[in-house]
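Peer 1: The following block contains the structure, expressed as structure tokens.
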Amino acid sequence: MTSSIAPDAHITKPKAALAGVVAGAAALAAGEFIASIAGRPGPVTAVANRVVDEAPTWFVDFGKNIFGLNDKAALIAGTIVIALVFGAVLGLASRRTRLPGIAGIGLFGVIGLYAMAVDAQSGLGAAIFIALFAVGSGVATLYILFASMRGPVMAGVIAKAQEEAMADAGRSVDRDSMPTPAPVGADVSRRTFVGWTGGLAALTGLGALGARSLRARTSANEAREGVELVQAASASDVDAQVSAANLTEVAQTDGITPIVVPNDEFYRIDTALLVPQVDPSDWQLTIDGMVDTPLTFTYEELLARATTIMPVTLSCVSNPIGGDLVGNAVFQGVPLTELLDEAGVQDGATQVSSRSVDGWTCGFPTDVAYDGRTAMVAIAMNGEPLPIEHGFPARLVVAGLYGYVSATKWLDRITMTTLEDFNGYWIPRGWSKLGPVKTQSRIDTPRNGERISGDTVAIAGVAWAPDRGIEMVEVQIDEGPWEVAELGATLGDNAWRQWRLDWTPTSGDHRVRVRATDGTGTTQTEERTQPAPNGASGWHTIAISA
Ligand SMILES: Nc1nc2c(c(=O)[nH]1)N[C@H]1C(S)=C(S)[C@@H](COP(=O)(O)O)O[C@H]1N2
Ligand SMILES: [Mo]
């Protein structure tokens with residue numbers, strides 16, 4: 001081995017690895033920063049998005065099981081950690097020459113570019129620009145940090161340039177007559193390296209923070225804050241109903257879920273790692289496919305026509321027995337059939353399919369839309385424009401269908417088609433084509449495993465069977481008889497109902513279970529099934545001790 005390719009003595013392994021990590025971080029932060037200025041998903045979110053969309057189902061399920069609702073945050077954190085570890089490896093591999101580092105960061109860039117390019121929200125031009133900027137920042141950082149390991153970076157560069165200039169001029173280099181950089185001792189080079197590393201790491205951190213705050217201050221947020229809702233025809237009736245329901249003894253039970261769940265507590269489920277930011281001024285809803293006249297509606301038009309208001313319980317097909325992926329809110333919007341009738345649904349159009357601005361899709365039978373149930377293009381939730389995470393500016397809400405077949409958020413297209421011709425996002429991923437909501441009930445209080453005290457204990461919770469309504473809720477303690485619980489006030493057949501049973505416990509361990517009977521007189525089945533493929537069934541059961 002010749003000395004010319006042996007690593008410079010100043011370039012120790014820890015320094016090289018650290019330089020690689022900082023270079024990787026700089027590339028990610030630079031990409032995210034530029035992407036946030038452009039209002040597009042950055043490379044990190046784009047790559048994590050691809051993992052969700054393309055990874056085998058078992059991998060995604062595994063993530064869901066381990067991280068639960070935090071799987072998005074975990075995926076993003078995982079993507080960053082893998083990138084940084086890869087950066088450390090690149091740093092180590094670049095001790096003799098920087099080529100492996102450049103190649104590695106370039107590879108990074110290609111992966112990021114691919115992920116951004118297939119993302120529905122990102123144009124190819126923007127993706128290329130973001131990727132180049134990220135790669136450039138990473139490579140520059142790597143170069144500067146390696147150079148700094150030998151001492152002052154600029155002095156070294158200047159000295160080298162002077163040497164070359166002299167050589168070019170054909171003069172012999174007279175080192176003594178030239179201003180030379182201070183002799184570089186180990187201390188100086190370490191200080192220089194630490195200084196550059198700290199400085200570039202700080203810049204990287206600032207870039208990442210900047211990207212975050214830019215994302216928070218979006219045009220969608222500003223537009224949303226300026227929206228004025230029209231008063232829906234029966235808004236005051238609904239308000240009065242909700243107020244009355246909240247005053248009942250059942251609703252006042254400690255630990256029971258509120259009958260109307262506030263927006264910021266409402267469960268959120270979607271595949272979007274970065275919530276789509278839609279500025280309604282350059283958005284429109286298109287209705288097309290098997291219709292006589294394809295139509296488009298502006299946000300202003302929908303706002304003006306949003307006179308329907310209805311409490312609806314939304315639930316997720318993946319909600320386990322006793323789970324909290326279900327909520328009840330008051331939605332306001334335009335009846336779906338009103339818009340479809342205007343476009344003129346053609347014979348044979350058996351499916352209403354819909355698409356989100358981020359490319360997510362779903363669909364349900366046209367018959368369901370027309371069977372008289374509540375189905376609307378919603379623009380408001382609990383008296384406010386839809387929150388951004390819940391679909392601003394518009395979403396679909398169809399009472400009695402799980403969200404995965406019906407509740408498209410950030411809605412931008414409704415296409416009439418046939419059941420055979422189109423499958424929504426989740427259908428090829430192992431979920432049923434049809435998604436009617438199963439009758440369910442949940443014990444909110446006491447909590448499973450709780451040790452209770454006191455003479456009487458309120459057992460209470462919620463039960464839902466949209467759009468059939470809840471007729472009866474029964475509770476069984478140990479092997480005792482099924483006892484009929486007191487029901488809270490109803491907000492209509494689409495909304496869940498609160499229930500409560502007061503009980504005087506005997507000391508010892510107890511099992512408590514609940515079952516609901518819906519408006520058709522059908523009692524929910526005891527048979528336990530997993531959420532896949534069409535929703536969990538079974539009685540929520542808890543163990544408590546007194
Ligand atoms: N654009 C889009 N809309 C979507 C989804 C999605 O992944 N993307 N998920 C659906 C699912 S599975 C459910 S359960 C509901 C949840 O609505 P929420 O987040 O407002 O509670 O949204 C539906 N709409
Ligand atoms: Mo869902």
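The values are calculated or read from the model by the stated rules, or taken from the named source; none is laboratory data. Treat the numbers as computed from the prediction; the structure is a model and nothing was measured. Using ideal geometry, Cβ is built from the backbone for each residue, glycine included, and neighbour counts are taken over all protein chains shown. Protein only, heavy atoms only, side chains kept; ligands, DNA and RNA dropped before computing areas. Shrake-Rupley method; radii C 1.70, N 1.55, O 1.52, S 1.80 Å.
Peer 1: In the stretch 253-270, what residues are surrounded by fewer than 16 Cβ atoms within 10 Å (Cβ to Cβ) and not in a loop (DSSP other than H, G, I, E, B)?
Peer 2: If the condition is that a residue be surrounded by fewer than 16 Cβ atoms within 10 Å (Cβ to Cβ) and not in a loop (DSSP other than H, G, I, E, B), then D264, E265 are the ones that fit.
Peer 1: Could you say whether any residue in the stretch 276-296 is out of contact with any Leu (no Cβ under 7 Å at 6 or more places or on another chain), among the hydrophobic types (A, V, I, L, M, F, W, C) and within 16 Å of ligand 2 (Cβ to nearest atom)?
Peer 2: no
Peer 1: Now a separate question. So which residues in the stretch 261-309 are more than 26 Å from the chain's Cα centre (by Cα) and among the small types (G, A, S)?
Peer 2: Within the stretch 261-309, G289, A304, A306 qualify.
Peer 1: Which residues, counting only those in the stretch 304-323, are within 12 Å of ligand 2 (Cβ to nearest atom), among the small types (G, A, S) and more than 23 Å from V242 (Cβ to Cβ)?
Peer 2: S318, G323
Each row is one residue, and each column tells you yes or no for (1) outside the structural domain of R40 (by TED's automatic domain parsing); (2) under 25 Å from T296 (Cβ atoms); (3) within 19 Å of the chain's Cα centre (by Cα).
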residue: D324; (1), (2), (3): yes, no, yes
residue: F331; (1), (2), (3): yes, yes, no
residue: L339; (1), (2), (3): yes, yes, no
residue: C362; (1), (2), (3): yes, yes, yes
residue: A380; (1), (2), (3): yes, yes, no
residue: A407; (1), (2), (3): yes, yes, yes
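Peer 1: On to the next question. Name every residue in the stretch 420-462 that is over 30 Å from Q252 (Cβ atoms) and out of contact with any helix residue (DSSP H, G or I) (no Cβ under 9 Å at 6 or more places or on another chain), in order of residue number.
Peer 2: Within the stretch 420-462, E420, D421, F422, N423, P428 meet the criteria.
Peer 1: Collect the residues in the stretch 473-504 that are open to solvent by 60 Å² or more (accessible area, probe 1.4 Å) and within 36 Å of the chain's Cα centre (by Cα), keeping them in residue-number order.
Peer 2: Matches in the stretch 473-504: T490, D493.
Peer 1: Among the residues of the stretch 319-330, count how many are farther than 20 Å from S406 by Cα and surrounded by 21 or more Cβ atoms within 10 Å (Cβ to Cβ).
Peer 2: 0
Peer 1: So, in the stretch 391-415, exactly how many residues are within 12 Å of ligand 2 (Cβ to nearest atom), in a loop (DSSP other than H, G, I, E, B) and touching a residue at least 60 places away in the same chain (Cβ under 8 Å)?
Peer 2: Count: 3.
Peer 1: Moving to a separate point now. Within the bounds of the stretch 449-467, is there any residue that is at pLDDT 95 or above, of a type outside the set (V, I, T), under 23 Å from M290 (Cβ atoms) and touching a Ser or Thr at 6+ places or on another chain (Cβ under 6 Å)?
Peer 2: No.
Peer 1: Name the residue that is modelled with the lowest pLDDT, counting only residues in the stretch 1-33 that are among the aliphatic types (A, V, I, L, M), open to solvent by 60 Å² or more (accessible area, probe 1.4 Å) and more than 18 Å from G138 (Cβ to Cβ).
Peer 2: Per the criteria, the residue is M1.
Peer 1: Now, a different point. Name, by its number, the condition in (1) in contact with a Ser or Thr (Cβ under 9 Å, 6 or more places away or on another chain); (2) within 30 Å of T522 (Cβ to Cβ); (3) surrounded by 15 or more Cβ atoms within 10 Å (Cβ to Cβ) that does not hold for S441.
Peer 2: The number of the failed condition is (1).
Peer 1: Show the residue pairs that are 6+ apart or on different chains and have beta-carbon atoms under 8 Å apart, the first residue being within the stretch 416-437 and open to solvent by 30 Å² or more (accessible area, probe 1.4 Å), the second being of a type in the set (K, R).
Peer 2: Filtered contacts from the stretch 416-437: L419/K433; N423/K433; I427/K433.
Peer 1: Taking the condition of being out of contact with any strand residue (DSSP E or B) (no Cβ under 7 Å at 6 or more places or on another chain) and surrounded by fewer than 19 Cβ atoms within 10 Å (Cβ to Cβ), how many residues in the stretch 271-318 meet it?
Peer 2: 10
Peer 1: If you don't mind, there's one more thing I want to ask. So if I check each of V275, V260, V250, V291, which one is at pLDDT 95 or above and either in contact with a His (Cβ under 9 Å, 6 or more places away or on another chain) or within 16 Å of ligand 1 (Cβ to nearest atom) (or both)?
Peer 2: Only one candidate qualifies: V260.
Peer 1: Can you tell me which residue in the stretch 444-468 is farthest from A329 (Cα to Cα), limited to those that are surrounded by fewer than 18 Cβ atoms within 10 Å (Cβ to Cβ) and within 36 Å of the chain's Cα centre (by Cα)?
Peer 2: Out of the qualifying residues, it is R451.
Peer 1: How many of the residues in the stretch 511-532 are open to solvent by 20 Å² or more (accessible area, probe 1.4 Å) and over 15 Å from K438 (Cβ atoms)?
Peer 2: Result for the stretch 511-532: 3.
Peer 1: When the residues of the stretch 352-364 are narrowed to those that are away from ligand 2 (no atom under 16 Å from the Cβ) and under 13 Å from L336 (Cβ atoms), which ends up surrounded by the most Cβ atoms within 10 Å (Cβ to Cβ)?
Peer 2: Checked the stretch 352-364; the qualifying residue surrounded by the most Cβ atoms within 10 Å (Cβ to Cβ) is V352.
Peer 1: Here's a follow-up. Suppose we filter V250, V238, V227 for residues that are buried (at least 19 other Cβ atoms within 10 Å of the Cβ), at negative phi and part of a loop (DSSP other than H, G, I, E, B); which single one remains?
Peer 2: The conditions single out V250.
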